[in-house]
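Down below is the structure, laid out as structure tokens.
The values are calculated or read from the model by the stated rules, or taken from the named source; none is laboratory data. Owing to the predicted nature of the structure, the values given are computational and were not obtained by experimental measurement. Neighbour counts are summed over all protein chains in view; Cβ atoms, including those assigned to glycine, are modelled from backbone coordinates with ideal geometry.
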Amino acid sequence: MTNLTFYVCMVSDTLLIDPSMDKTYPFIEEFFTRKGIKFVYTVIPNNKYEILKHVISNVNNYDVILLLGGTGISDHDITVDAIKPLIEKELQGFGEHLRNISYNEIGAKGLMSRALAGKIGSSLIFVVPGNPSALKLVLENIILPISRHALEISYGISGWGKVISLVVERIDFKTFSSFLTRIWREKKSATGIFIGKVKLQVNDRKIKYMLNEISERDLKELSEKISEKYKVNVITIAARGRLSPGEPIFLAGILAEDRKTMNKALTEIIEIFKQKSKHIDYFVS
């Protein structure tokens, strides 16, 4: 999996008044730039509705939303309380592990942090202290490893290599989004995408539905053949079973170093798929 994208919010009324006091942004900029990670950094008010607005409007737009500050137990520490109701799946071990590390570093004070992590939509969210020294520890040792692994699982690409192939009952929006996300993350000079759909009609006869069949083995073999022949990365997803007119039947992504190679590989994989898949059209009577 390639580099992540971060939306970083520093929750602080003080820094809104005097940005020159912000010691965290220089660290964030240096850290993410060194890692080659794209990020957006903003300072927001310590206000529940402002916190919610910034999180909700950026969910699904970034891999990770990182909220800094508001993890303590004072009346002003509201970030955790604002975000927790939105969490769809909480990573409970995150807070426990961070508190354990903090305890070993600074003693009992480390147990007062209510650091939180979880998933909202397709984005991971972390609420952590904004102190630069604490941030370095948590980013390097916890957040980056967790984020990469968790998103690989979420997108269904854990363990994927040069060739990715998948046969599903239906290519729904989630499957299509995962397909595009994986392609978007790849750092190749040329990318070709093919979306094959069930025809609406054949020879003036309207199609009622199609029955399509292709095995996982056949799809993987044809994908590996193209990958090896052209030295490209290949992503293929095929649908099997009963499919309606206009419904996606085959997704193919070719990621190459040049456009000429990409075009050749994409054209060939489409033709091989037509040969390997077996389909029957049923027409409207």
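Things to note:
- Among the residues of segment 12-38, those identified as more than 16 Å from VAL127 (Cα to Cα) and touching a helix residue (DSSP H, G or I) at 6+ places or on another chain (Cβ under 7 Å) are THR14, LEU15, MET21, ASP22, LYS23, PHE27, PHE31.
- Only a single item in (1) assigned to a helix (DSSP H, G or I); (2) at pLDDT 80 or above; (3) among the hydrophobic types (A, V, I, L, M, F, W, C) is not met by ILE164, and it is number (1).
- Looking across segment 252-285 at every residue that is buried (at least 16 other Cβ atoms within 10 Å of the Cβ) and either free of Cβ contacts under 8 Å to residues at least 24 places away in the same chain or of a type in the set (S, T, N, Q) (or both), the one that is farthest from ARG185 (Cα to Cα) is identified as SER277.
- Candidates ALA252, ALA265, ALA239, filtered to the one that is closer than 19 Å to VAL167 by Cα, modelled with pLDDT of 95 or more and not β-branched (Val, Ile, Thr): ALA252
- Sub-7 Å Cβ pairs linking a first residue in segment 232-251 that is over 11 Å from PHE194 (Cβ atoms) and of a type in the set (Asp, Glu) to a second residue that is at pLDDT below 95 and part of a loop (DSSP other than H, G, I, E, B), at least 6 apart or interchain, are GLU247/VAL198, ordered by first then second residue.
- Residue among GLY246, GLY253 that is assigned to a strand (DSSP E or B) and under 25 Å from ASP172 (Cβ atoms): GLY253
- Filter result (of a type in the set (A, V, I, L, M, F, W, C) and more than 17 Å from GLU216 (Cα to Cα)) within segment 231-281: VAL232, LEU243, ILE254, LEU255, ALA256, MET262, ALA265, LEU266, ILE280
- Restricting segment 122-155 to residues that are in contact with a strand residue (DSSP E or B) (Cβ under 9 Å, 6 or more places away or on another chain) and small (Gly, Ala, Ser) leaves a set whose member that is modelled with the highest pLDDT is SER123.
- Among residues of segment 167-183, those that are among the β-branched types (Val, Ile, Thr), at pLDDT 85 or above and not in a loop (DSSP other than H, G, I, E, B), counted: 3
- Sole exception among (1) under 14 Å from ILE272 (Cα atoms); (2) part of a strand (DSSP E or B) for ASN212, by number: (1)
- Residues considered: SER178, SER189. Of these, the only one that is over 30 Å from SER285 (Cβ atoms) and in contact (Cβ under 8 Å) with a residue 60 or more places away in the chain is SER189.
- The requirement of being modelled with pLDDT of 75 or more, of a type in the set (Gly, Ala, Ser) and in the same structural domain as THR24 (by TED's automatic domain parsing) is satisfied by ALA115.
- Test set (1) touching a strand residue (DSSP E or B) at 6+ places or on another chain (Cβ under 8 Å); (2) farther than 30 Å from ILE37 by Cα - ARG182 fails condition number: (2)
- All told, TYR62 falls short of being of a type outside the set (Val, Ile, Thr) and at pLDDT 95 or above.
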